[in-house]
2 protein chains.
Amino acid sequence: MKPTLQAVADAVGVSRSTVSNAYSRPDQLSAALRERILDAARQLGYPGPNPTARSLRRGFVGSIGVLFTSQLSYAFTDPFAVRFLTGVSAAAERHGTSMLLVPLPPAQTDARRAVENAAVDGFCVYCVADEEWALDVIRARGLPYVSTAPRDDAGADERYVGIDERAAARGIAAHVAGLGHRRVALLADAVLPDAPAGPLTLDGVHEAWHPTTRGRLTGFADAFGEVGVDWADLTVVNALGNSRQAAAAAVAGLFDGPAPPTAVLAGSDVLALGVLDALAQRPGGANPPVSVTGFDDIPEAAAAGLTTVRQPAEDKGRIAAELLLDPPADAAAGHVLLPTALVVRASTGPVPRS
Amino acid sequence: MKPTLQAVADAVGVSRSTVSNAYSRPDQLSAALRERILDAARQLGYPGPNPTARSLRRGFVGSIGVLFTSQLSYAFTDPFAVRFLTGVSAAAERHGTSMLLVPLPPAQTDARRAVENAAVDGFCVYCVADEEWALDVIRARGLPYVSTAPRDDAGADERYVGIDERAAARGIAAHVAGLGHRRVALLADAVLPDAPAGPLTLDGVHEAWHPTTRGRLTGFADAFGEVGVDWADLTVVNALGNSRQAAAAAVAGLFDGPAPPTAVLAGSDVLALGVLDALAQRPGGANPPVSVTGFDDIPEAAAAGLTTVRQPAEDKGRIAAELLLDPPADAAAGHVLLPTALVVRASTGPVPRS
DNA sequence: GATCCAGTCTGAATCGATACAGAGAGGTGC
DNA sequence: GCACCTCTCTGTATCGATTCAGACTGGATC
């Protein structure tokens, strides 16, 4: 049996409260006695108050949860997610708070259980697709949270940090449209819950599953609408996962028809890189050239010369955690929109004349 | 006040135990009653058993701690650490266990406190320099742990996963020696606790601070010893941190002397990339060419054409977590050495004849 | 009809601490 | 000399669950 606080109290001949105070409120006892107590504890091999018992009594834990709705192990392979985590950890560090990364089992019942069982004081929810259930559980637990995905029905008092997805998407699409592109494909991950990889028919943007995807597709459509390209003229392509492989698989065959797209606007850099991979693999290479854009501006984007939208990934994480750890008094300040920037590189160019 | 288990019991008119069983041991009550209880819970907005209270009573938490002795937010910027985490998370996922990332405050007293207060069932200790104190705390708490840094005084029953640092280092150094290099610099991070950046005088390898550094330097020295280059003839260079910038700063001026090194063996890829940065910055570029080697084989190494030692980063994390989560019955199986491979790329070449 | 058993449910003890009101000792001010 | 404080320390209630031995019920067994 490990020694408990009581054991130390007995050894020194004081009350439990006093030993507790020796650890948690040094000003409540004389320095001499405190020393005696800590010495005795050392002797007995008492490792300090049991964190769980302490949390129970105190009513808080000292750690925040980070929720990824995709697989946790996948998150670490996504450069954007890693930069987000970097930001969260910087804020956590400053506050002396730990981060609990909670893997969500595939079955929803189990996933709910996982969120219910997480010993944390609040959550940073990285990405909520239709995973409204997670927020429900968090709210039921009465825990604060900060979300990073736009939600249509977000309450005014709900803390959020993100970007203006639609405006940013519109900006990069306008760049592409300005280069003369009119036959365009829009590539996104998990556009519809169970759709196969490849071109897809969407009656409208509203059908898209993820709010983020919805925002970006809407922005793309805005820009092309302005130059006379209707929604129906745009090709929406679905990828099964946010990875280079998934993107490459999704656009396989896309350029083989009689009037292939001259540009592909991807919903993330990772997807865009996958498109570049696919183009490079084609017999004859990417000829005629296809313009490709990404989203996020991950480190690899620069090396690949990818035109993209830059968003401050680390800031997003840092601010999310800060919003959680010391909430602004003013509710309006809990809703943060970060700036974005269009980064033009070599992956976009004028429409080749054929 | 949030409803408690008791409140649900009262609402349904059953005992607390029964409600508890409804959640944790469904086989202990009739399905009908269980439904009634869960319904009532839903009505009352009871979010399920309080995780902290449950942990206290049950005696375990359901999460493992991951300890980085450097800054947590730094860990996310280190590709090797990220891959390690990927592996840990894959194992955690499979076990339905959460990961607690504990930032360690700079002051040692505070850092001890942080380890004492972490609510976890065990620790993966990523990197232990002289931070023996962390292991002391963990042992005092009676928690299991797996370490990934070689320790001179490791007990036989101590779980460990790593590589044969010395042999791997010797291998890559032999490659460099085989190319004819005799004037060689060895670059490592934090060779001595408070040493400045730049060349350093070490009486022997044993003085090096980190066990990992010690292992690698020893291997380097082994290989050069075999071709007649003594320890005293090797230049040890200290970097203030494991980053490209720190490496570049450390080797500034190294190539300005009359007999500059023709090769630099770095203790990590990140450092090696920094050396390449520094060489590229020199007026006239890297001329005559300097051979540079790294260690780890992070993704960026391939792009940079860096000769390095590949070690299975994700496996390291995965196995560490598995060793922790289901310990092998056989104590010897708790000590895992992973394979390494020499990866020769363009960054090493024969000594230029001047 | 007594015995035994499986299936349900209950009650008390327990996990390991913290909070808070208050007791007692010793010192100050007037 | 008395009221009043401050400084230390104690005792009890409490945080919110789980555990385990046992009570009760209704049916099957012999």
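Taking the inverse of the mean reciprocal distance over all distinct Cα pairs, the Kirkwood hydrodynamic radius of chain A comes to 22.8 Å. By a 1.4 Å probe calculation restricted to protein chains, A:R345 has an accessible surface near 50 Å², given to the nearest 10.
What do you reckon, how do A:H175, B:H206, A:H95 stack up by accessible area (1.4 Å probe), largest on top?
The ranking, largest first, comes out as B:H206, A:H95, A:H175.
Comparing mean-square fluctuations of B:E300, B:E35, B:E207 from a GNM of chain B with C-alpha springs under 10 Å, the top value falls on B:E35. In terms of accessible area, using a 1.4 Å probe and ignoring ligands and nucleic acids, B:L276, A:L234, B:L44 rank largest first as B:L44, B:L276, A:L234. Measuring nothing but alpha carbons in the protein assembly as shown and taking Rh as the Kirkwood radius, the Rg to Rh ratio lands at 1.01.
Taken residue by residue and averaged, Cβ atoms of other chains lying within 10 Å of the Cβ of A:99-112 number 4. Computed from protein heavy atoms with a 1.4 Å probe, the total accessible area buried between A and B is close to 3300 Å².
Using the alpha-carbon centroid of each, what span in Å lies between segment A:301-346 and segment A:241-278? Going from one Cα centre to the other spans 25 Å. When each full DSSP H helix of chain B is screened for a Cα extent of at least 15 Å along its own axis and an average Kyte-Doolittle hydropathy of at least 0.5, the helices passing are B:269-281.
Taking B:L85, B:L254, B:L240 in turn, the Gaussian network model of chain B (Cα-Cα springs below 10 Å) assigns the largest fluctuation to B:L254. Annotation: per residue accessible area for segment A:1-44 equals 64 Å², rounded to a whole number [probe 1.4 Å, protein chains only].
Relative contact order, whole percent, for chain B stands at 18, derived from Cα pairs under 8 Å and 6 or more residues apart.
Sorted largest first by accessible area at a 1.4 angstrom probe radius, with every protein chain in place, the residues B:D203, B:D315, A:D297 fall in the order B:D203, B:D315, A:D297. Computed over segment A:283-334, the percent of Cα pairs more than 13 Å apart is 71. Potential lengthening of the chain between B:A31 and B:W231 amounts to 64.5 nm, from the contour at 0.36 nm per residue minus the alpha-carbon distance.
Defining a contact as two alpha carbons under 8 Å apart and six or more residues distant in sequence, what relative contact order in percent does segment A:1-70 show?
31 percent.
Label-point spacing for B:D194 across the identical copies (point 7 Å from Cα in the Cβ direction), in nm and ascending order: 6.7.
Note on segment A:136-218: with neighbouring protein chains present and a 1.4 Å probe, carbon and sulfur make up 50 percent of its accessible heavy-atom surface.
Between B:R57, B:R216, B:R166, where does the largest GNM mean-square fluctuation fall for chain B, given springs only between Cα atoms within less than 10 Å? Evaluated over chain B, the most mobile residue of the options is B:R57. Exposure check, 1.4 Å probe, all protein chains in place: B:V229 carries approximately 10 Å² of accessible surface. Residue separation of B:R182 and B:A346 scaled by 0.36 nm, minus their Cα-Cα distance, works out to 57.1 nm of gained length. Amide H contacts of A:V191: A:A239, each under 5 Å away and 5 or more positions distant or on a separate chain (H built 1.01 Å from N in the peptide plane; Pro and chain starts excluded).
Using just its DSSP H runs of length 4 or more, each adding -39500 (n - 2.57), chain B gives a mean residue ellipticity at 222 nm of -12500 deg cm²/dmol after division by all residues. Residues in segment A:165-311 average 39 Å² of solvent-accessible surface per residue, probe 1.4 Å, ligands and nucleic acids excluded. A dipole drawn for segment A:1-44 from +1 and -1 charges on Cβ atoms has a positive end, and of A:M1, A:S30, A:V12 the residue lying farthest that way is A:M1. Legend: mean number of C-beta atoms from other chains within 10 angstrom of residue C-beta atoms, peptide B:59-72, equals 3. Between segment A:162-183 and segment B:56-93, the C-alpha centres lie 39 angstrom from each other. For segment A:1-44, with all protein chains in place and a probe radius of 1.4 Å, 47% of the accessible heavy-atom surface sits on carbon or sulfur. In terms of the Cα gyration tensor, with a ≥ b ≥ c the square roots of its eigenvalues, is segment B:165-312 rounded because a/c is under 1.5, prolate because a/b exceeds b/c, or oblate? Here segment B:165-312 falls in the rounded category. Take each residue of peptide A:135-148, count the partner chain Cβ atoms within 10 Å of its Cβ, and average: the result is 2. Burial here means at least 50 square angstrom less accessible surface with every protein chain in place than with the chain by itself, probed at 1.4 Å; in segment A:18-52 the buried residues are A:P47, A:P51, A:T52.
The values are calculated or read from the model by the stated rules, or taken from the named source; none is laboratory data. Keep in mind it's a predicted model, so treat the numbers as computed, not measured. Neighbour counts run over all protein chains shown; Cβ positions are idealised from the backbone, glycine included. The protein model used for the area step is the full one, side chains on, heavy atoms only, and it has no ligands, DNA or RNA in it. Shrake-Rupley method; radii C 1.70, N 1.55, O 1.52, S 1.80 Å.
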